[in-house]
1. Under 6 Å between Cβ atoms, at least 6 apart or on separate chains: pull out the pairs that start in segment 135-158 with a residue that is basic (Lys, Arg) and end on any residue that is open to solvent by less than 70 Å² (accessible area, probe 1.4 Å).
2. Provide a single number: the residues in segment 210-230 that are in contact with a helix residue (DSSP H, G or I) (Cβ under 7 Å, 6 or more places away or on another chain) and within 22 Å of Leu25 (Cβ to Cβ).
3. Among the residues of segment 169-209 satisfying the criterion of being polar (S, T, N, Q) and closer than 29 Å to Thr26 by Cβ, which is surrounded by the most Cβ atoms within 10 Å (Cβ to Cβ)?
4. Name the one entry in Ile241, Ile254 that is modelled with pLDDT under 95, within 26 Å of Leu70 (Cβ to Cβ) and either touching a Pro at 6+ places or on another chain (Cβ under 9 Å) or open to solvent by 30 Å² or more (accessible area, probe 1.4 Å) (or both).
5. Would you please list the contacts, defined by Cβ atoms under 6 Å and residues six or more apart or on different chains, that run from a residue in segment 80-101 that is without any contact (Cβ under 8 Å) to a residue 40 or more places away in the chain to a residue that is open to solvent by less than 10 Å² (accessible area, probe 1.4 Å) and small (Gly, Ala, Ser)?
6. Are any residues in segment 476-500 surrounded by 14 or more Cβ atoms within 10 Å (Cβ to Cβ) and assigned to a helix (DSSP H, G or I), and if so, which ones?
7. With Glu446, Glu398 as the choices, which residue is acidic (Asp, Glu), out of contact with any helix residue (DSSP H, G or I) (no Cβ under 7 Å at 6 or more places or on another chain), farther than 26 Å from Tyr494 by Cβ and surrounded by fewer than 20 Cβ atoms within 10 Å (Cβ to Cβ)?
8. Of the residues that make up segment 450-473, is at least one under 20 Å from Asn343 (Cα atoms) and of a type in the set (S, T, N, Q)?
Amino acid sequence: MRLLVLLFFFSCSHYQQQSTNKLKLTILHTNDHHGRFWSNKKGEYGLAARSTLIKKIRKEVTDKGGHVLLLDAGDVNTGVPESDLLHAEPDFKGMKALGYDAMALGNHEFDNPYDVLSQQQKWADFPFISANVYRQNGKRLFPSHVTKIFDHVKVTILGLTTEDTPFKSNSKNSKHFVFKSVVEEAKDIVPDLKKKSDILIAVTHAGHYPNQNHGPNAPGDVSIARATKGIDLIVGGHTQIPLFQPDVQNGTLIVQAYEWGKYLGRLDLEYEKGKVKLLDYKLIPVNLKNSTTKIAEDSEIIKLLLPYKKKGALFLKQKIGKVNGHFVGRRDLVRSQETNLGNFVAKVFKEKLKADLSIINSGGIRDSLSSGTVTMEDLLKVLPFGGEIVLARISGKELKEYLTKVLLSSPSGTGAFPQMSGVEMTFNESQKRINQIKINGKKLQEKKIYKMALPEFIALGGDKYPPLKYTKYGFIDAQILADYFKHHSTINAYSFGPFHYLNLK
């Protein structure tokens with residue numbers, strides 16, 4: 001969608017020897033790729049079609065004397081089994097082939113240990129940047145920014161990563177690093193970068209929260225823009241929403257291109273005499289179902305990626321069972337209400353660990369299960385993180401306090417929203433207390449010790465759940481689900497509710 005107002009001028013940083021040259025610059029951007037290097041069953045998105053589109057735009061722009069920047073706002077990792085099993089090697093090598101100039105670190109870049117992240121940077125061979133992620137010794141993990149010079153015009157690209165990363169990634173990996181406030185880091189570094197740049201771009205994985213309404217999440221792009229002066233453009237990610245028009249905050253343009261490479265963002269600028277003029281902005285669909293234009297897949301990229309696609313096929317295509325009906329795992333639903341898939345997954349975990357109850361964060365569920373044959377690939381799309389399910393022992397009194405804290409800090413619409421099994425309760429939101437709670441149909445006993453199955457991720461405090469002591473048994477989430485299917489063959493989705501276990505008043 002094109003902007004209605006194309007002659008909007010916004011502030012541009014100046015440095016002592018400000019360039020008087022004229023520059024036309026096109027910024028192409030993506031975010032929250034999450035392993036989608038290959039197109040889906042409908043032929044949507046994928047790096048091969050994205051490559052064709054990028055090549056076309058590059059030729060169009062350079063033929064007219066302009067320049068192109070290709071940026072990504074993070075979370076390349078986690079989401080599709082073929083990618084996850086290979087530590088996103090096809091994704092990063094594919095992005096290298098597409099010619100990315102820089103990428104901000106996302107929280108899911110920390111789903112893997114640092115040695116994997118370091119290898120991914122080598123595969124990518126383009127800069128990973130983040131100003132606010134530090135080692136324990138006080139040094140930055142990756143560079144804070146990179147600089148490009150086009151026709152003697154200096155363009156600085158700053159990276160920032162949500163400080164929620166320890167809660168929204170594998171805390172065993174992120175605990176080795178310090179994630180400082182994106183707002184405070186920007187306030188500290190932007191004035192100096194402003195003096196040395198003609199154009200200052202921030203590539204952020206912090207989220208777009210209109211009017212700074214970030215709720216329990218850490219502050220995002222709007223907060224960064226309002227707290228600083230001199231950032232011309234924020235290319236964002238993390239909240240996985242499409243901004244079909246830039247959000248203008250404090251002289252800063254904020255853009256975001258949805259998720260998975262469904263769109264390629266394109267922003268055309270003109271720089272002259274210290275001013276930046278926005279010429280056009282749009283999100284270009286990449287072979288989405290309702291797209292009017294079909295984008296051919298780049299044969300060179302297909303050749304590069306096909307071996308990776310085939311490598312995991314034998315394992316992923318294992319038929320492990322059947323589903324009768326539809327298990328609901330849609331992001332907008334599973335993060336806001338009880339769903340049959342949430343109930344099913346929680347129940348399976350509870351039974352595997354012989355627990356009294358189970359609780360999971362809905363952000364761990366990433367896809368639905370459709371009626372018909374179920375493969376390992378399907379299960380790994382539902383539970384892509386490879387997390388361990390652990391057992392906590394907790395008194396009834398402590399359990400009531402724990403569930404109260406969970407409900408107060410896990411509002412509807414967030415990945416922290418709980419899906420449960422073995423629990424029924426009535427929660428009074430205004431009084432901030434549980435009025436009634438039953439475990440497996442029986443009234444909670446405060447002195448009884450209950451066994452609770454849950455992902456290690458939230459047992460460690462992920463998604464801001466209260467940390468708990470727990471016992472590990474080596475059970476991995478998707479494999480638990482696969483074992484259940486193998487023993488039960490066909491699963492009836494309709495028998496898993498919803499049962500309205502949680503009554504909010």
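1. Arg135/Leu141; Arg140/Tyr134; Lys148/Val155; Lys154/Ser197; Lys154/Asp198
2. Residues flagged as in contact with a helix residue (DSSP H, G or I) (Cβ under 7 Å, 6 or more places away or on another chain) and within 22 Å of Leu25 (Cβ to Cβ) within segment 210-230 amount to 3.
3. Thr204
4. Result of the check over Ile241, Ile254: Ile241.
5. As it stands, the answer is Phe92/Ala124; Lys96/Ala124, since those pairs meet every condition given.
6. Passing the criteria: Asp477, Ala478, Gln479, Ile480, Leu481, Ala482, Asp483, Tyr484, Phe485, Ala493, Phe496.
7. Details: Glu446 fails: out of contact with any helix residue (DSSP H, G or I) (no Cβ under 7 Å at 6 or more places or on another chain).
Matching residue, one of Glu446, Glu398: Glu398.
8. No - not one qualifying residue is present in segment 450-473.
The values are calculated or read from the model by the stated rules, or taken from the named source; none is laboratory data. Because the structure is a prediction, the values reported are computed rather than measured. When we count neighbours, we look across all protein chains shown, and the Cβ atoms used for this are built from the backbone with ideal geometry, even at glycine. Only protein heavy atoms, including side chains, enter the accessible area calculation; ligands, DNA and RNA are left aside. Shrake-Rupley method; radii C 1.70, N 1.55, O 1.52, S 1.80 Å.
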